[in-house]
1. So, for the stretch 195-263, what is the accessible surface per residue at a probe of 1.4 Å, expressed in square angstrom?
2. Rolling a 1.4 angstrom probe over the protein heavy atoms, how many square angstrom per residue are accessible across the stretch 64-169?
3. For Arg132, list long-range residues whose amide hydrogen, built 1.01 Å from N in the peptide plane, is under 5 Å from its own amide hydrogen.
4. Calculate one ³J(HN,Hα) per residue across the stretch 67-78 by plugging θ = phi - 60° into the Karplus curve 6.51 cos²θ - 1.76 cosθ + 1.60, and present them in order as whole Hz with x for glycine and proline.
5. Run the numbers on the stretch 1-154 and let me know its relative contact order in percent, using alpha-carbon pairs under 8 Å that are six or more apart.
6. What aspartates and glutamates could a cross-link reach from Lys2, if we take a straight Cα to Cα line under 16 Å and drop same-chain neighbours fewer than 8 places away?
7. Could you work out Rg/(2.2 N^0.38 Å) for the stretch 39-128, with Rg from alpha carbons only?
8. What is the calculated FRET efficiency for Leu221 to Leu302, with r their C-beta to C-beta distance and R₀ = 25 Å, to the nearest 0.05?
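The values are calculated or read from the model by the stated rules, or taken from the named source; none is laboratory data. Fair warning: this is a prediction, and the values are worked out from it, not measured in the lab. Methodologically, a virtual Cβ is constructed for each residue, glycine included, from the backbone with ideal geometry; neighbour enumeration extends over all protein chains shown. SASA here: full protein model, heavy atoms, side chains in, ligands and nucleic acids out. Shrake-Rupley method; radii C 1.70, N 1.55, O 1.52, S 1.80 Å.
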Amino acid sequence: MKSPLLSLPGAVPAEGVDEQVAAHYGDLFREQRALADGTGFVDLSHRGVVAVTGEDRLSWLHLLLTQHVTDLPAGHATEALILSAHGHIEHALYLVDDGTTTWAHVEPGTQDALLAYLESMKFFYRVETADRTDDFAVVHLPAGSIAEVPEGVVVRETPYGRDLFLPRTDLESYAEKAGPPAGLLAYEALRVEHHRPRLGFETDHRTIPHELGWIGTAVHLQKGCYRGQETVARVQNLGKPPRRLVFLHLDGSEVHLPPHGAELRLADDGPDGRKIGFITTSVRHHELGPIALGLVKRNVPLDARLLADTTAAAQEVVVEP
């Protein structure tokens, strides 16, 4: 669903799964600085919106998700994963309950598969699931924003800002009042700065939560059984994940950023050396310059300098080896 805000002055569409919203509105760094200062908003209306209603909704979701949500207080934001039987990440949900409905926004285009799984697990529970993407648009207000939230709008408040589940018909009128728009590239730059993983970018078909630092934030280690829990418990108690997320400072003299999937090697081995990981997200930051997140093998030395294709990269630890 193409966002109507792509008609705003200077709007340039994003690429890939984000192509339905703006990458920027003409000034990437100004937009980043505005978000960092707590002004403006980000159009995330391309994200899927899923709603779960019914008196059993929280106890039922508790059985399926990696997060403890049985007693989730109304208005309290959390995040959760759905794992495969082998513990690999399949879905990431950004949740809030308003007292009668549990709302979640998810990666663009993933809501159909998520709903199919949820529907298959309903059994005799008193719950109803619905795709509300056509009716609600996600809008992000940065931390510190004093922008007004319309009455009755469901809000997910986190340390990084507020996610609004705004009626889609109100998106254009709200944009006129919410301050200067910031594109997805600005939002992504701050996400990378804060080392926050994103499904489909920092994950592949075999990613487990420990590799990305999702233990604690999206995975509760003291809750009951859920699909994939055996893997989570085994790695947590008996082993180490095979890979770890790293934050990378990239060589600022390079014109082009290494793309998602660019191979990481040890700098000492040169560009023809053995692959030890890959770039997951690379961005240009208004203060830090070119930065990235990457996945590397757990045993890569913490002080090793890396090459992303041919771009020099210095690593910072996100997930301990």
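1. 49
2. Result: 45 Å² of accessible area for each residue.
3. Amide H neighbours of Arg132, under 5 Å, 5+ apart: Val49, Val50, Ala51.
4. 9, 7, 10, 3, 10, 4, x, 4, x, 8, 7, 8
5. The normalised contact order for the stretch 1-154 reaches 29 percent.
6. Counting by Cα, and skipping residues close in sequence, Lys2 has these aspartates and glutamates nearby: Glu15, Asp18, Glu19, Asp43, Glu107, Asp134, Asp135, Asp170, Glu172.
7. Taking N as the residue count of the stretch 39-128, the ratio is 1.08.
8. The computed FRET efficiency comes out at 0.50.
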